[in-house]
1. Given H placed 1.01 Å from N in the peptide plane, which residues other than close sequence neighbours of Tyr105 have an amide H under 5 Å from its amide H?
2. Under a Cβ-Cβ cut-off of 13 Å, what is the net charge of the residues other than Leu29 that fall near it, where Lys and Arg count +1 and Asp and Glu count -1?
3. Which pairs in the list Lys106/Lys218; Lys25/Lys125; Lys125/Lys220; Lys106/Lys220 are over 23 Å apart, alpha-carbon to alpha-carbon?
4. Provide the descending list of Cα extents for segment 127-180 along its principal axes, expressed in whole angstroms.
5. Does anything in segment 82-125 have its amide N under 16 Å from the 7 Å Cα→Cβ label point of Leu238, and if so which residues?
6. Treating the beta-carbon of each Lys and Arg as +1 and of each Asp and Glu as -1, no other charges, what is the dipole magnitude of the chain about its Cα centre, to the nearest 20 debye?
7. Given a 1.4 Å probe and heavy atoms of the protein chains only, how would you sort Arg167, Arg224, largest accessible area at the top?
8. For segment 1-134, what value does the Rg/Rh ratio take when both radii are computed over Cα atoms and Rh is the Kirkwood radius, given to two decimals?
Amino acid sequence: MKGEINDWSFYSLGDHAFVFALEAKMDGLILQKIKNLNEFISAKNIIGIFDIIPSYHTLTIVYDITTFLSVTQSASEQLLYFCNNIITDFENTLIAKNNIKSIIYKVPVCYEKCYGLDLENISLKNKISCAEIIQIHTAFEYVVYSIGFLPGFTYMGTVNDKIKIDRLHKPRTEVMAGSIGIAGLQTGIYPTNSPGGWQIIGRTPWKIFDPHPTKLAKFKVGDRVQFYAISKQAFETLNENH
């Protein structure tokens, strides 16, 4: 199945999922439309749909073949009909035109060199002081564009050009949970200890991922994050109490 209507395209993804897509780029307005469509479809509680996954410019719908599709008509025809109707109905509603409020998180970060492992490397390569890197990194609100790689890993943007940096040529075998990294124009938080190639500039004492089924990831797509600097002593205190 493959089709288009207005700015939207849609296509099958395997035999039990399909995707709504807008222009493939990292853009706040595009993500807002994805969030709005997510809210619109979620509110319908459609039988047979058991997961809706938003990302940068796509919304993936995962469905149960036996309850979502009828055996009397081809799957491709049914999906095409569904997608056309959903987008038409969606764009005729207020939800398509309104901004859905995002949660804004103020996240504490210790940028001391014991946690900001790559601050000096970024400073040398970008010809900017460590203090300026911290000032710039904490000056903006970042949008959570995607969750992935690890459960709860946040892909956020957009990083200022002055502090953007490529991934490490050789990834580390272990990056500590809570580490704040930069890769290209994105910044993110490692939710658990894991290998990783992002350039690390600090660490938050917040617990980003909790396997408890009612908590899981701290953030969701569309949330906004602003970092603020804390001392090593404050980090240790918050880490003990968090």
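The values are calculated or read from the model by the stated rules, or taken from the named source; none is laboratory data. Predicted model, so just to flag it, every value in this text is computed and none were measured. Cβ coordinates were reconstructed from backbone atoms using ideal geometry, including for glycine residues, and neighbour counts include every protein chain displayed. These accessible areas exclude ligands, DNA and RNA; they are computed on the full protein's heavy atoms, side chains included. Shrake-Rupley method; radii C 1.70, N 1.55, O 1.52, S 1.80 Å.
1. Distant-sequence amide H within range of Tyr105: Arg224, Val225, Gln226.
2. Result for the local shell: +1.
3. Lys25/Lys125; Lys125/Lys220
4. Answer, in whole Å and largest first: 31, 27, 18 Å.
5. 104-116
6. 660
7. In descending accessible area the options line up as Arg167, Arg224.
8. We get a ratio of 1.17 for segment 1-134.
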